[in-house]
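The values are calculated or read from the model by the stated rules, or taken from the named source; none is laboratory data. Keep in mind the model is a prediction, meaning the values are calculated, not measured. So basically every Cβ, Gly included, is an ideal-geometry build from the backbone, and we count neighbours across all protein chains shown.
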């Protein structure tokens, strides 16, 4: 119940910045249009590249734009506040609380993601529907599975961002790690280019890394490319979510001991 | 003219201050530079993977697209390094720092642009320069083409200068809409990474007459690469990049003055 309250408040906190949301939706739409034409040119030259057709490709672009902020590909989200609190030492107060730190920030981040999905996700997608030929989910089941997959994507992304923020305990400044992590997330999530286009071992590697859970897996579920193996796709995401959340707890434990040693 | 030299001197002073400050955390500095280079490296790797599935994109081969990509990335990289801080103007307004700046004997624009100057985008400029240099080895050079290339890179940077300043001014009216500018600055750089032949004619017209992104690299590159203009625009456009750059800068400075005149402190 407590975590639901945290999530709803995070949702409302983000909804305060209306102009920022509108500006962001506009920017997502502009990039959506640019990439749509780029992909259309690619699939005109090679109509079956990566096992997609041109409608799949354009749909992929707009879903990617919808997920960009929802999954917080570049970093950001509630973990940014955590990094700041670690730097200032305020995190000591968070650690006093009778609520787990990971659960607290995860709940807030899910609230944030819900807000970004309804505004910056839905808005540009509707524009994409108007301007281009876009594929809708094959069935209600596929649509629901997509939503579940997005939730799992946010959890995996949250865990990675939490680990990045926790690096502040040791480095005192997570800016460098954050940029690196964002760069890898953009590329290996399939945001720059669908992972199905990656050749040979690079493709195999990219599909196995946790970042593919951010964009490639939810998009493929929407497009119906996981028809027979829906559970395997969701299981892949859930597995990475569990492993990385576990890592968060371990790292937090190690960091807490360090804080105590420092008398912090 | 003498005044401009003094302003440039002030800019360098402030920028040098920030470089020395950033260098106090060498590990973070290096990681930021490498990380920024990595973003662009992976970006270009994406383009390269794209070309493993086709021979020509919009009628252009990989080395030609790399030429466009390099020129566009160089332009925005240089502009972003020199004046990218102007994006943060909304934060300065919100926190009241702009009031402090207004009391100092250095032009506001110089202060805002030099504030928190960082060399971390050197990674991006280096990567762009390497791609551009590689693409240049495929060009059939003549003295005239060299002139066109130098003018293209310089004008490209100035066009992005103008776009950064002009669209950041939106924040004088709405403080938290900084992302609006990204659609034109980073969005513009992304458009320019592709041959404009992949877009409908309306887009090209917009990128020529409304937001002069086509002058950053497209028109001069057509001349340098010796390509026929697929849209048959006037040939003198291919030499008009400096003109477009000057016009963008002029508009940007007027918008800036308008914004500053309209500025009233938040009082916090």
request  = Of the numbered conditions (1) more than 14 Å from every other protein chain (Cβ to nearest Cβ); (2) over 20 Å from residue A:25 (Cα atoms); (3) surrounded by fewer than 21 Cβ atoms within 10 Å (Cβ to Cβ), residue A:51 fails exactly one; give the number of that condition.
outcome  = (1)
query = Do the conditions hold for residue B:75, that is, is it in a helix (DSSP H, G or I), under 19 Å from residue A:74 (Cα atoms), more than 9 Å from chain A (Cβ to nearest Cβ) and under 18 Å from the mean Cα position of the chain (by Cα)?
reply = no
inquiry  = Considering only segment B:163-186, I want to know if a residue exists there that is in contact with a strand residue (DSSP E or B) (Cβ under 8 Å, 6 or more places away or on another chain) and touching a residue at least 40 places away in the same chain (Cβ under 8 Å).
reply    = no
Extreme residue, nearest to residue B:43 (Cα to Cα), among residues of segment A:171-197 that are in contact (Cβ under 8 Å) with a residue 40 or more places away in the chain and more than 18 Å from the chain's Cα centre (by Cα) = A:197
task = Would you check which residues across segment A:15-39 are closer than 16 Å to residue B:175 by Cα, more than 7 Å from chain B (Cβ to nearest Cβ) and crowded, with 20+ Cβ neighbours inside 10 Å and list them?
result = A:21
Selected residue (criterion: farthest from the other protein chains (Cβ to nearest Cβ)) from residues of segment B:15-64 that are within 25 Å of residue B:86 (Cβ to Cβ) and surrounded by fewer than 16 Cβ atoms within 10 Å (Cβ to Cβ) = B:16
task = Could you check residue B:92 against (1) more than 12 Å from every other protein chain (Cβ to nearest Cβ); (2) surrounded by fewer than 20 Cβ atoms within 10 Å (Cβ to Cβ) and say which number it fails?
result = (2)
query = Any idea which of B:115, B:176 is within 14 Å of another protein chain (Cβ to nearest Cβ) and touching a helix residue (DSSP H, G or I) at 6+ places or on another chain (Cβ under 8 Å)?
reply = B:176
inquiry  = Looking only at segment A:198-220, how many residues end up being over 13 Å from the mean Cα position of the chain (by Cα) and more than 11 Å from every other protein chain (Cβ to nearest Cβ)?
reply    = 7
query = Within segment B:38-61, which residues are over 17 Å from residue A:192 (Cα atoms) and either touching a residue at least 24 places away in the same chain (Cβ under 8 Å) or in a helix (DSSP H, G or I) (or both)?
reply = B:58, B:59, B:60
message = Go through (1) within 26 Å of residue B:47 (Cα to Cα); (2) more than 11 Å from every other protein chain (Cβ to nearest Cβ); (3) touching a residue at least 60 places away in the same chain (Cβ under 8 Å) for residue B:214 and report which single condition fails.
response = (3)
inquiry  = Within segment A:123-144, take every residue that is modelled with pLDDT of 90 or more and over 20 Å from residue A:55 (Cβ atoms) and give me the one that is surrounded by the fewest Cβ atoms within 10 Å (Cβ to Cβ).
reply    = A:144
ask   = Consider residue B:230 against the criteria (1) at pLDDT below 95; (2) loosely packed, with under 12 Cβ neighbours inside 10 Å: it satisfies all of them except one. Which criterion is unmet?
value = (2)
remark   = Flagged in segment B:201-221 as buried (at least 24 other Cβ atoms within 10 Å of the Cβ) and more than 18 Å from residue B:252 (Cα to Cα), in numbering order, are B:217, B:218, B:219, B:220, B:221
task = Output the number of the condition that residue B:3 fails; it satisfies all remaining conditions of (1) at pLDDT 90 or above; (2) within 28 Å of residue B:158 (Cβ to Cβ); (3) more than 10 Å from chain A (Cβ to nearest Cβ).
result = (1)
query = What pairs come up if the first residue lies in segment B:190-205 and is at the interface with another protein chain (Cβ under 9 Å from one of its Cβ atoms), the second is part of a loop (DSSP other than H, G, I, E, B) and surrounded by 17 or more Cβ atoms within 10 Å (Cβ to Cβ), and their beta carbons are under 8 Å apart, counting only those six or more places apart or on different chains?
reply = B:191/B:199; B:194/B:58; B:195/B:58; B:197/B:58; B:198/B:58
inquiry  = Here is a list: B:235, B:247. Which entry is modelled with pLDDT of 95 or more, away from chain A (no Cβ under 12 Å) and surrounded by fewer than 21 Cβ atoms within 10 Å (Cβ to Cβ)?
reply    = B:247
